[in-house]
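The values are calculated or read from the model by the stated rules, or taken from the named source; none is laboratory data. Predicted model, so just to flag it, every value in this text is computed and none were measured. The protein model used for the area step is the full one, side chains on, heavy atoms only, and it has no ligands, DNA or RNA in it. Shrake-Rupley method; radii C 1.70, N 1.55, O 1.52, S 1.80 Å.
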Amino acid sequence: MIKNENNMYVDAHNHLDFYGENIGEAISDINDNKIITLANSMDVDSYILNKEYEKQSEYIIPTFGIHPNSVSEFAGELKDIIPYIEESTLIGEIGLDFLWVEDRSLDSKQREIFYFILDESIKRSKFVSIHTKNAEQEIYEALKIRNYNKAIIHWYSGPLDILDKLIELGCYFTISVDLGYSDLTEEVLKRIPLDKLLVETDGPTALEWINGDYGYPREIKNVVKSASIIKGIEEQKLIEVIYNNFHRIIN
Ligand SMILES: [Zn+2]
């Protein structure tokens, strides 16, 4: 159960199962810094692990999803994952990836799994955390045609005209650890309305990919600090804004 205090940090997209042997330190970091953490899952096993981590923290919320990178290993029947969708407060990570997933023969399986989970989530009115790599237009159309905006677009890096359409649709967005390293991410941040803004760390390897440093959850503070400068808003105020955005989602 999530501890409710005012104005805590929120990491709206992390992967706790990527910490491996460092998970103890990562969870201590979350607890010491009081970082509400959406622990996104890659698949069923990853979700079960995240539910174990939830027992060690008042700040961790496990979310069920099947990541586009994991669709090749999914061998079960889709109807069997419905109980996970039902019990999970939010859904993630789901989506489509036509860049990093290089095997085009998996496209149809990616779509089958993504649209199944999306539609089952919509039936239950759940927020979904969506990966959109090189699939921005398709995902925009999928949401638009379903008239659905309970979506958190994770680390958007696509065309800016599609970003504007997703903003118009009313989606939420997470800004990640490449803020300060990427002109595109800075421009994305500038366009996101404050009341739709969230931040994330995306697991230890995301920061490593950007600057070589292993990323612990406390990295969220640097993302907030950089975002506050770019948005021209006091850091404490931004923490409050993000916390309020998260609260709107979770309720
Ligand atoms: Zn992720």
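Using only Cα atoms, locate the centre of region 188-251 and the centre of region 14-79, then give the distance between them in Å, rounded to an integer. Cα centroid to Cα centroid, the span is 19 Å.
Roughly speaking, what is the stretch gain from R124 to I82, that is 0.36 nm per residue apart minus the C-alpha to C-alpha distance, in nm to one decimal? It would help to have the intermediate numbers written out before the result.
On the way: separation 42, 0.36 × 42 = 15.12 nm, distance 1.07 nm.
Gain on extension, R124 to I82, equals 14.1 nm.
When the Cα gyration tensor is reduced to axis lengths a ≥ b ≥ c, the ratio a/c stays below 1.5 for the chain, which is therefore classed as rounded. For region 39-163, the number of Lys pairs with C-alpha atoms closer than 18 Å, counting only pairs eight or more positions apart or on separate chains, is 9.
Within the straight-line cut-off of under 23 Å between alpha carbons, the lysines reachable from K225 are K34, K190, K196, K237, sequence neighbours fewer than 8 places apart in one chain being disregarded.
Just the accessible area per residue of the chain, please: how many Å² with a 1.4 Å probe? I get 43 Å² per residue for the chain.
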